[in-house]
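Read-outs: derived from the displayed coordinates by stated rules, not from any lab. Since this is a predicted model, take the numbers as computed values, not measurements. Because the Cβ atoms are built from the backbone with ideal geometry, glycine has one as well, and the counts that use them run over all protein chains shown.
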Amino acid sequence: MKNQTTISKWVLPIIIFSQFCCTSLWFAGNAVVNDLIAFFNISPESLGYMSSSVQFGFIIGTFVFAILTLSDRFSPSRVFFICAIFGAVFNLGILYSSNTIFTLLVFRFLTGFSLAGIYPVGMKIAADYFEKGLGKSLSFLIAALVLGTAFPYLIQSFEFNLKWQSVIWATSALALLGGFLIVIFVPNGPYQRRAAKFDISKILKVFKNSNFRSAAFGYFGHMWELYAFWTFVPILLMMHQKLHNVALNIPLISFIIIASGTLSCIIGGFIAHKFGVKKTAVWALTLSGLCCVVSPLFFMIGSTPIFIMFLIIWGMVVIADSPLFSTMVAQNCEVQSIGTALTIVNCIGFSLTIISIQLLNYLITDIAFAPYAFVVLALGPIIGLIYLKRT
């Protein structure tokens, strides 16, 4: 018992750090997209396509993982480790000197596929260890995801004359480190209940629970907004820079805006512990929806500090509810189905991100309409709130 307590004491910090390391792969291509455009002579619209390619890979990956119920049938730590290795290798594919837009998208797709065995599986590992206080544990875990997602922008912002290849090498090295830490130091959790056999019916069974459906559809609404916002944060800054003729360190400010969600995830976990998971999620989703609606007003304001502060606030509320929805999903399904439930909900949620990213990619091509384009992201929070109010 004492040994188990000692192990558990270190498990959450290790999972958090490993999640940070591995999810740095997510936006590695986005952070250097301008360099890739110049180096490989590809289209300026490649940002949206590369983001969607990672998302599409993640979607297909989560679908395969859910169908095969891998994280419920096998050791989730080993699944995490194997996917971290593959993710690091596919990320290095960006360095291939003869890349075309097609091969770049393939490598980003395969990286996204690998992430399907990292992000939701990391939450599954946490659920296996922390039956009580799961909401707080997941808030730290998703905070690590946020910081990992933003990290490539921080690397890119350093004025050390680093080549863009350094970002790719650094993120792949981090992914390898995260994978080894999990497989060496995080054994199967005390609350793990392995599924006895492959059971595809689990995917349909989980949605029969009304509380599960409410949490899932709230998450879907949240996802419609989240990755579209994250993807186009640099574009928002570029638009402001051009409109008001100011000079900005776009990679650094992008990092600050996205990484601000790290703090809000942690704070949200503590607030939810006191006021309830669902109530806190409703407030976060409402605030992020309001940010979508009022975003055109802040484009009209000439003050750069006010505009950046607005984006930081948006960056905080847009992600604060993510660990709360994951908690509600995990708490409203059978223990032996948690891995599959988290994975299939991720699969559907990330499918929606492709639509919203491509929709924004199209809308911002019209310079006159671009400042109003982000209002369409409010559709997600509105629909999510409708479903949350039903139970």
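Measure nothing fancy, just the Cα-based angle from helix 277-300's long axis to the longest principal axis of the chain, in degrees from 0 to 90, nearest 10.
The two axes meet at around 10 degrees.
Between 367, 271, 85, which gets the highest mean-square fluctuation from a Gaussian network model of the chain, Cα cutoff 10 Å?
367
Using only the alpha-carbon atoms, what does region 16-130 span along each of its principal axes? Please give whole angstrom values in decreasing order.
Between the extreme Cα coordinates on each principal axis of region 16-130 lie 47, 28, 21 Å.
Using a Gaussian network model on the chain with a 10 Å cutoff between Cα atoms, which of 378, 116, 341 fluctuates the most?
Most flexible of the set in this elastic network: 378.
What distance in nm separates the two pseudo spin-label positions at residue 358 and residue 96, each 7 Å out from Cα along the beta-carbon direction?
Here the modelled spin labels are 2.3 nm apart.
Between residue 331 and residue 390, what is the spin-label point distance in nm, taking each point 7 Å from the Cα along the Cα→C-beta axis?
Modelled inter-label distance: 2.0 nm.
Please give the net charge around residue 97, taking every other residue with its beta carbon less than 14 angstrom from that of residue 97, where Lys and Arg add +1 and Asp and Glu add -1. Don't jump to the answer; show the numbers that get you there.
On the way: positive: 163; negative: 35.
Net charge around residue 97: 0.
Run the helix sum for the chain: -39,500 (n - 2.57) per DSSP H stretch of 4+ residues, divided by residue count, reported at 222 nm to the nearest 500 deg cm²/dmol. Could you put the intermediate results ahead of the total?
Values: 18 runs with 302 residues, N = 391.
Mean residue ellipticity, 222 nm, calculated: -26000 deg cm²/dmol.
Along each principal axis of its Cα atoms, how long is the chain end to end? Whole angstroms, biggest number first, please.
Cα spread of the chain along its principal axes, largest to smallest: 62, 48, 37 Å.
Given N residues in region 220-333, what is its alpha carbon radius of gyration divided by 2.2 N^0.38 Å? Spell out each step's value before the answer.
Values: Rg = 15.1 Å, N = 114, 2.2 N^0.38 = 13.3 Å.
Compactness ratio reported: 1.13.
Want the number for residue 309 to residue 213: 0.36 nm per residue separation, take away the alpha-carbon distance, what's left?
On the way: separation 96, 0.36 × 96 = 34.56 nm, distance 3.46 nm.
That pair, residue 309 and residue 213, stretches by 31.1 nm at full extension.
At a Förster radius of 25 Å, what calculated FRET efficiency corresponds to the Cβ-Cβ distance of residue 166 and residue 45, to the nearest 0.05? Before the final figure, lay out the partial values.
Working: r = 25 Å, r/R0 = 1.01.
Between residue 166 and residue 45 the formula returns 0.50.
With springs only between Cα atoms under 10 Å apart, run a GNM on the chain and tell me which of 175, 150, 373 wobbles the most.
It is 373.
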